[in-house]
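Notes for the one structure printed next.
The values are calculated or read from the model by the stated rules, or taken from the named source; none is laboratory data. None of the values given here were measured: they were computed from a predicted structure. Cβ placement follows ideal geometry from the backbone for every residue including glycine, while neighbour counts extend to all protein chains displayed.
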Amino acid sequence: MKKFYLSLLFISFTLLSFSQVTISPNPFEVNESITITVDINSTATDCDGLSNPNKVYMHSGIGSTANPWTYVTGNWGQDDGIGEMTNQGGGIYSITIVPENYYPATSTQASNATQMGMVFRNEDGSQEFKASGCQDFFFEVGTFQVNLTSPSNETTIINSGDNLDISATNIGGNANYTLYANGAIINTNSSTNAYSYTDVNITENKNYELVSVLNGTTITKSFSVIVDPGSIIDIMPTDYQDGITYIDDNTAVLVLYATGKDFVYVAGSFNNYQPSSSYAMKKDPTRNNKFWIEITGLTPGQIETYQYWVVDETPIANSPTLVKVADPYSTLVLSPFDDPYIPASTYPNLPAYPAGQEREVTVLQTGQTPYNWQVTNFVKPKKEDLIVYELLVRDFDADRNYQDVIDRIDYFKNLNINAIELMPVMEFEGNESWGYNTSFHMALDKYYGTEEKFKELVDVCHQNGIAVILDIALNHAFGRNPMVRMWMSDPDNDGWGDPSTENPYFNTTAQHSYSVGSDFDHSNPRTKDYVKRVVKHWIEEFNIDGFRWDLTKGFTQNCENNEGCTNSYQQDRVDILKEYVDYSWSLDADHYAIFEHLGSDNEEKEWANYRLDEGKGVMMWGIMTHPYNELTMGQNGDKNINRIGHKGHTGFNGPRVIGYPESHDEERLMYKNLQYGNTSNASHNVQDLNTALSRMSALAAVSVMVPGPKMIWHFGELGMENSIFTCNNGVVNEPGGSDGDCKLDTKPQPQWTNNWLTDAVRGQIYEDWSKLHKLKIEEPVFEGDYTITSGDYTPRIEVFDNSLPATELKNVIILANFDVNAQTVNTNFPSGVTSTWYDLMDATGNTTVSNSTSSISIPAGQFRILGNQPSNVLSIDNQELNGFTIYPNPSSTSFSVNTNVSDIEIYDLTGKLVKSYKGNFTRTDVFDISSLNSGMYIVKIENENNSQTKTTKLVKL
């Protein structure tokens, strides 16, 4: 009789399995060899299925019932043999494994596992095979297995006073059962393989655990009941904002928009995450049925945490009944996924995630001490003068936090940039990220530091005349976002999903062709309200000076899966983005608005010219990587650089193009110089590191000096040559590689570990860029007009402002040579401007060119910047502070010095004097070094009155 009963139990368990996938033997222990077989002919799947795959891979994991994917084997999308199954013919594939050895778990972890999860895919992951309802396949692990037969759902909604039937069966022998409710034992049952109990007259929410023990193995089944509190209708005393409103040091009001939901509880540290009916939120029918609650009795300054438990008693297909979410308007969230890996040095005293909970929780704290701002009236640099330094905190310095950036403030000051643009710092998924996978747009990501430290960073920048711009990703959000999860389709019931058809914020399918994450519907008033709250938060709470709006092509509702439509004029997109910048300007009249649109001029001009007569206008990102890289490589591709400024864009009425040769999205110019640079001249081989570096100063001269805002990408000013596809292990995986492109991987920090500023060649780039930036910002002529003549190796830029008097710098000519040979360049000086042109890189004003000179020779990779008057911006004192410059450096034949000197001595690295010059020399003098052997030398100079001695390095090619 016993044998018959066990066989019936076995049948009940196998019925929970899947006919498409079988395991033999079953049940099994983790140290047994098992064979997993899949029949891809089965049609019992809602997913794409596998259609004539060349190979079939099993992607699988092992773990607890709560998370069968704790220890995963398989690399999705990679044809690397890991998890590859054997083709048995006829659409049948199999793989034999020993689970204890197959998964990356210790013996103890494997022995405690209770469930396996798996899906199947083709070799590149473009096809996948799942169970009916698009669920993963799950199988029990162990010969002792427990099946919870009632309740049938993880969460059961009941009316107050109802009963709950709880039953379970097991195989493997008679087990001992203990039932817990809210942590207290309410029933025990020993030596049985069929458990049954009824909890009666339930009037409060309960979390249950049914713990089953057999021969030292423990299996826990968790489930809960939520009591329907009924309809609680109450009008807010005032129109509280969504999220948290602090009333006083003891009281806060929480407001949640949850249209279509039946009721919401607030579970938090203040009720031990076991909310009673007094924590059921009220519904205000006069304000779009928003839910709200007043939390009282809070302790000033004490950190509390909370979640919303949002219930839909009759959800649409594939949507959950209960969703637990943090507040969409959180300004600080705690994450069980990310927080354990945040260094204490970066975020001291990080609040502990509440034990026993799941997913993000919101931090609530009354009585907070406001930050003491040192600068309360920061005057932003003119848009026309902006030199924006794009920076990823994670990859800027060794500690990868805000303090690193603060500590380098002198580096920015000496570089003479006047704005820092931070790639997204809002709470994103994971820690090692670029930040565009944002989940909470009003919360700082803790991996970079505290809110206090971020405010200090903004304050320090403002103290030093540097604006702070945030890169903000409001085209989309990712799966942890509460507004995705509250209205999601979750067919595999794992608590994650995509927006459902009921979602008021997101489209179920992206309405543009560059989809990432879940696509916001910006035609919806709720989405607009959310975006404006986000804008308001960063401007008013953090004194942020501007936003760079990521992927603005996605702000349309017209272009589902249509590349042509996405890249053409869309009126709804034009209008909604104008509405958003109008709102930001209503809060801060001088706020910077930057769009990463990279689209057609007929659409971009509407934003660039918008309210331009008021000094506003949206600044458009202007990618110019390809033509500038052709110049720095010395290659024969398109070298037309006219679109670096606004005059290269049809219909733009003012300088509102942030042109850039480099940004985070494009390959490093220096990397391509070294890989693909011109090698036709052995003495100026662009694939040689020092030669390639020596060309980067000319890059800045013909890019940043064009009137209008410009941008540089961090460490371009030091000639960073590491590919953006550099992996964590230092290997470069370019796009299309079998191992992924590593673009988002954390990058090494050679600029600091190798002290690049002291390197003669890299330090020269930094110094030249610094001087050019200072000229651009402080000389009024660079807010004037310009012409660009380009397309070959010797681009020419003329900058002029005829409203300035002739006694001031009103005409500038920039000449450069990107050939690998010296070039004679026609000066074509405009007539009647001046008889003498001054080299603006020479602070002494002594280096001149006569207006009668018809041409000048420019060495390979070098530039000249000439003005009708000398500039006093680069004063001699300033120059002496920054050190002197020899150029070109490296050089194979000769060099010059950028200041007046009386003596020059050249030493080899042993300290031996190998060459010297005595006399009174100027910038125009040339010092021959052709007789020196290749290598590194130290050059020592004395200035013309013998009052100061300086040294630098020289690289002889």
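Restricting attention to region 772-784, does a residue exist that is within 23 Å of Val393 (Cα to Cα) and among the charged types (D, E, K, R)? Working first, answer last.
Initially, region 772-784 is screened for residues within 23 Å of Val393 (Cα to Cα), giving 773.
If we keep only those that are among the charged types (D, E, K, R) too, we end up with none.
Scanning region 772-784, I find no residue that is within 23 Å of Val393 (Cα to Cα) and among the charged types (D, E, K, R), so the answer is no.
Quick grid of which residues meet (1) over 23 Å from Thr726 (Cα atoms); (2) surrounded by fewer than 19 Cβ atoms within 10 Å (Cβ to Cβ); (3) in contact with a Pro (Cβ under 6 Å, 6 or more places away or on another chain):
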| position | (1), (2), (3) |
| --- | --- |
| Ile644 | yes, no, no |
| Gly648 | yes, no, no |
| Tyr660 | no, no, no |
| Arg668 | no, no, no |
| Leu689 | no, yes, no |
- request: Could you pull out every one of the helices (runs of 4 or more DSSP H) wholly within region 597-692 that has 2 or more residues that are touching a residue at least 24 places away in the same chain (Cβ under 8 Å) and of a type in the set (Asp, Glu)?
  value: 601-608
- request: For region 805-820, state whether one or more residues are out of contact with any Leu (no Cβ under 8 Å at 6 or more places or on another chain), surrounded by fewer than 22 Cβ atoms within 10 Å (Cβ to Cβ) and not in a loop (DSSP other than H, G, I, E, B).
  value: no
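Which of the following residues is within 30 Å of Gly230 (Cα to Cα) and in contact with a strand residue (DSSP E or B) (Cβ under 7 Å, 6 or more places away or on another chain): Ala181, Ala105? So that I can check it myself, show each step before the final result.
Values: Ala105 fails: within 30 Å of Gly230 (Cα to Cα).
Going through Ala181, Ala105 in turn, the sole match is Ala181.
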message: Could you list, ordered by first residue, the pairs with Cβ atoms under 8 Å in which the first is in region 424-437 and within 14 Å of Asn481 (Cβ to Cβ) and touching a residue at least 12 places away in the same chain (Cβ under 8 Å) and the second is buried (at least 21 other Cβ atoms within 10 Å of the Cβ) and among the basic types (Lys, Arg), at least 6 apart or interchain?
response: Glu427/Lys446; Glu429/Arg480
- request: Quick one: count up the residues across region 698-718 that are under 23 Å from the mean Cα position of the chain (by Cα) and at positive phi.
  value: 1
- prompt: Within region 340-366, restricting attention to residues that are under 22 Å from Tyr402 (Cβ atoms) and touching a Lys or Arg at 6+ places or on another chain (Cβ under 7 Å), which residue is surrounded by the most Cβ atoms within 10 Å (Cβ to Cβ)?
  reply: Glu360
- request: Tell me which of these Ser222 doesn't satisfy, since it passes every other one: (1) over 33 Å from the mean Cα position of the chain (by Cα); (2) modelled with pLDDT of 95 or more.
  value: (2)
query: Within the bounds of region 510-526, is there any residue that is out of contact with any Lys or Arg (no Cβ under 6 Å at 6 or more places or on another chain), in a helix (DSSP H, G or I) and at pLDDT 95 or above?
result: yes
Lys743 basic (Lys, Arg), crowded, with 16+ Cβ neighbours inside 10 Å and under 30 Å from Pro888 (Cβ atoms): no
field: Matching residues in region 235-292 - criterion: being among the small types (Gly, Ala, Ser), assigned to a loop (DSSP other than H, G, I, E, B) and surrounded by fewer than 21 Cβ atoms within 10 Å (Cβ to Cβ)
entry: Gly260, Ser276
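Say whether the condition of being of a type in the set (S, T, N, Q), over 30 Å from Pro381 (Cβ atoms), in contact with a Gly (Cβ under 8 Å, 6 or more places away or on another chain) and touching a residue at least 40 places away in the same chain (Cβ under 8 Å) is met by at least one residue in region 453-476. Explain how you work it out, then say what you get.
Just the residues of region 453-476 that are of a type in the set (S, T, N, Q), to begin with: 463-464, 475.
Add one more test, that the residue is over 30 Å from Pro381 (Cβ atoms), and what stays is none.
No, every residue in region 453-476 fails to be of a type in the set (S, T, N, Q), over 30 Å from Pro381 (Cβ atoms), in contact with a Gly (Cβ under 8 Å, 6 or more places away or on another chain) and touching a residue at least 40 places away in the same chain (Cβ under 8 Å).
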- request: Taking Tyr246 as the residue in question, decide whether it is among the hydroxyl-bearing types (Ser, Thr, Tyr) and in contact with a Phe, Trp or Tyr (Cβ under 8 Å, 6 or more places away or on another chain).
  value: no
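Specify the residue that is modelled with the lowest pLDDT; the eligible residues are those in region 413-435 that are more than 25 Å from Asp385 (Cα to Cα) and out of contact with any His (no Cβ under 9 Å at 6 or more places or on another chain). Steps first, answer last, please.
Step one: list which residues in region 413-435 are more than 25 Å from Asp385 (Cα to Cα), which gives 425-435.
Still in the list and also out of contact with any His (no Cβ under 9 Å at 6 or more places or on another chain): 425, 428-433, 435.
Working: Val425: 98, Phe428: 95, Glu429: 93, Gly430: 92, Asn431: 91, Glu432: 87, Ser433: 91, Gly435: 94.
Ranking the qualifying residues of region 413-435, first place goes to Glu432.
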query: Out of (1) at positive phi; (2) in contact with a Ser or Thr (Cβ under 9 Å, 6 or more places away or on another chain), what's the single condition that is false for Tyr671?
result: (1)
Region 701-740, residues that are within 30 Å of Ser892 (Cβ to Cβ) and out of contact with any strand residue (DSSP E or B) (no Cβ under 8 Å at 6 or more places or on another chain): Phe715, Gly716, Glu717, Leu718, Gly719, Met720, Glu721, Asn722
query: For Leu214, all conditions in the list (1) surrounded by 19 or more Cβ atoms within 10 Å (Cβ to Cβ); (2) of a type in the set (A, V, I, L, M, F, W, C); (3) more than 30 Å from Thr143 (Cβ to Cβ) hold save one; what is the number of the exception?
result: (3)
message: Of the residues Val141, Val146, only one is in contact with a Lys or Arg (Cβ under 9 Å, 6 or more places away or on another chain), surrounded by 21 or more Cβ atoms within 10 Å (Cβ to Cβ) and either of a type outside the set (Gly, Ala, Ser) or more than 21 Å from Glu209 (Cα to Cα) (or both); which?
response: Val146
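Being polar (S, T, N, Q) and farther than 22 Å from Met116 by Cα narrows it down to one of Asn147, Asn153, Asn170, Asn182, so name that one.
Numbers: Asn147 fails: farther than 22 Å from Met116 by Cα; Asn153 fails: farther than 22 Å from Met116 by Cα; Asn170 fails: farther than 22 Å from Met116 by Cα.
Just one listed residue meets the conditions, Asn182.
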task: Hey, can you tell me all the residues within region 103-136 that are assigned to a strand (DSSP E or B) and more than 14 Å from Ser64 (Cα to Cα)?
output: Val119, Phe120, Arg121, Glu128, Phe129, Ala131, Gln135
task: Output the number of residues of region 197-211 satisfying the condition of being surrounded by fewer than 18 Cβ atoms within 10 Å (Cβ to Cβ), closer than 17 Å to Gln274 by Cα and of a type outside the set (S, T, N, Q).
output: 2
